[in-house]
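I have placed the structure first, in the form of structure tokens, so that the comments after it can refer back to it.
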Amino acid sequence: MEFRAAACCLVVCLASLVSCAPGAAQTIAHLEKHGAATQLVVDGKPFLVLGGELTNTASSSQEYMKPVWPRLAQMHLNTVLTGMSWAQFEPEEGKYDFALVDNLLAGARQQNLKIIFLWFGSWKNGLSSFAPAWVKADQKRFPRAQLGSGRSIEVLSTLSDENLRADTKAYVAFMHHLREVDADKHTVIMIQVENEVGILGDSRDRSDTANAAFARPVPKQLVEYLQSHKADLRSELKVLWDAAGDKTSGTWTQVFGEGTAADEAFMAWNYAHYMDQVTKAGKTEYPVPVFTNTWVVQPEDRGPGDYPSGCPEPHVLDIWRAGAPNIDFNAPDIYLPNFTEWVKRFHQHGNPLFVPESRGDAAGVANAFYAIGQQDSIGYSPFAIDVTGRLQSAEPRPVAAGPPDAQALPLSKGYAVLAQLAPLILEHQGTHTIGAVVLDAGTDRSSLRVGDYTITVGKPHDRRSGTVITTPQSPTYALIIATGPNDYVIAANSTEITFSPSTPGAPVAGLALIQAGSFVDGAWVPGRWLNGDDVLLNYKLAEAAATNQSGSGLRFAPDGPSIQKLKLYRYQ
Ligand code: DGJ
């Protein structure tokens, strides 16, 4: 990926010596490997995206955005994800509204925020609602997908050269403009191409063009990918291919079997192929990393078509990798409670993780800590960041409740801590010296090894009775960094944390020194030295000693994450 980005930079610089001041090309945002992690590098340094996504049309109005910009900065965001509507960018064919882009760049720069643009081009949540009116109204020139019922829907066909040409032309104009106005400032750090693509209402496009394509052989590029990646294909696709006899040629149903799975594979290929061409053309103008977002399958979905068929779901990600080599990664939008399962499914087989849409309440903060600390995520971004009511709880609050103090929101408190830790997190991601845990409602504790110790993160207890203290509004989570053989920095919420040595030697971990505090410009500023009631978890020392425990551990209050720095020692 780095190589791909570097090669594109060269193209950009050759194409425009003006915008590529010395050093500028090297510092265009790009992805780099750091141990096992893939990180986003911005202005020459690894960057942790503490983001938030605006509601779909927020950025269409400067007036609306005026009070939003400062609030985003107060909430400790460093990046805003915002839609860029093709309809608004190119209201008349060939006439582009660059002021729309420039105003957003100016608003973000004023608050020292970075931008990830979401190109709402041919598709947004399956539909083509953000295509310009001159595209929508000319169905002959810009063909649409068709359902099995014979009805056409407001979804542009993936199989039309004219659709592809029009979207690409606008996107290239947009990326060209970004190069002209941002190549020396790097406000724009990534692009999401389209939004939650896929066909809804049927498992595949049933237009005549699509039926003809479906009856043709599976493209060679895909079959060759399956063959060359046979050993590490994701299991769902492998099972499908194996069941149909591991064919190296044939139609979609011959290679992937009869049924909706073949339809979904076909749609995945066509969306990937289309979006790869849009992306590739954009990268020749300005090669920032590009990703897709996925509407992940919901529990009530019966099959492709209930969820967007062809969307980069984990089970078709190999098809996306084969069909869209210019797209850097595929990202999930996760509102479901089983957040950890979904991020694990996406963070596999070399797909870097980034979460462009999720929740922004206290549970969302726990998600962010988990994704960043345990799954090396490039960052996190709750949806509807401009609607602060959405950030207090899962349900929108009535506006009459008044705008909450931005700094007091759970997300603001969480991002404040992650922002302090960002340099340390980025140093440790991908090196097995960082981990994170989030406990769901039914789990009281969970252990993980980080560095030389196994660390147990548990829900708080009553010290005498031993009963678990439940705080449903304040989830238990911890992000743990081993900064030395016996040294840790831990940021956590509503938890008790204990330690056990994982290397040979004395079996009990004791607490040598614990400080609460914060990082200011990367340097530790100690607050209280914690001891006594702050750390004593269990008076029953005989019971603790029998399990090689000291009876002491870390305690974190349930009022938002805080940081502790500690040194352990070992005894017999
Ligand atoms: C997912 C989409 O990607 C967003 O643009 C937005 O429409 C949300 N759903 C709404 O919850």
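The values are calculated or read from the model by the stated rules, or taken from the named source; none is laboratory data. Keep in mind that what you see is a predicted model, and the values were worked out from it rather than measured. Reconstructed Cβ throughout: ideal geometry from the backbone, glycine too, with neighbour counts over all protein chains shown. Side chains included, ligands, DNA and RNA excluded: accessible areas come from the protein's heavy atoms. Shrake-Rupley method; radii C 1.70, N 1.55, O 1.52, S 1.80 Å.
For the reader, a short list of remarks on this structure follows.
- Number of the condition not met by S128 [criteria: (1) within 16 Å of the ligand (Cβ to nearest atom); (2) under 30 Å from P70 (Cα atoms)]: (2)
- Taking the range 53-168 and the strands (runs of 3 or more DSSP E) fully enclosed by it, the elements with 3 or more residues that are free of Cβ contacts under 8 Å to residues at least 60 places away in the same chain are at 152-156.
- All positions within the range 294-304 that are open to solvent by less than 10 Å² (accessible area, probe 1.4 Å) and either in contact with a helix residue (DSSP H, G or I) (Cβ under 7 Å, 6 or more places away or on another chain) or within 20 Å of G259 (Cβ to Cβ) (or both): V296
- Residue match in the range 38-52 (condition: within 16 Å of the ligand (Cβ to nearest atom) and either at pLDDT 95 or above or not charged (D, E, K, R) (or both)): yes
- Scanning the range 235-258 for residues that are hydrophobic (A, V, I, L, M, F, W, C) and within 16 Å of R216 (Cβ to Cβ) gives W252, V255, F256.
- All helices (runs of 4 or more DSSP H) inside the range 194-256 with 2 or more residues being under 24 Å from G150 (Cα atoms) and either open to solvent by 70 Å² or more (accessible area, probe 1.4 Å) or out of contact with any Phe, Trp or Tyr (no Cβ under 7 Å at 6 or more places or on another chain) (or both): 208-215
- Among the conditions (1) away from the ligand (no atom under 16 Å from the Cβ); (2) surrounded by 15 or more Cβ atoms within 10 Å (Cβ to Cβ), the only one that G94 does not satisfy is (2).
- The range 352-388, residues that are under 8 Å from the mean Cα position of the chain (by Cα) and away from the ligand (no atom under 16 Å from the Cβ): L353, S377, I378, G379
- Which numbered condition K567 fails, given (1) assigned to a loop (DSSP other than H, G, I, E, B); (2) open to solvent by 80 Å² or more (accessible area, probe 1.4 Å); (3) touching a residue at least 40 places away in the same chain (Cβ under 8 Å): (1)
- Criterion (buried (at least 23 other Cβ atoms within 10 Å of the Cβ) and within 16 Å of the ligand (Cβ to nearest atom)) met by exactly one of S60, S85: S85
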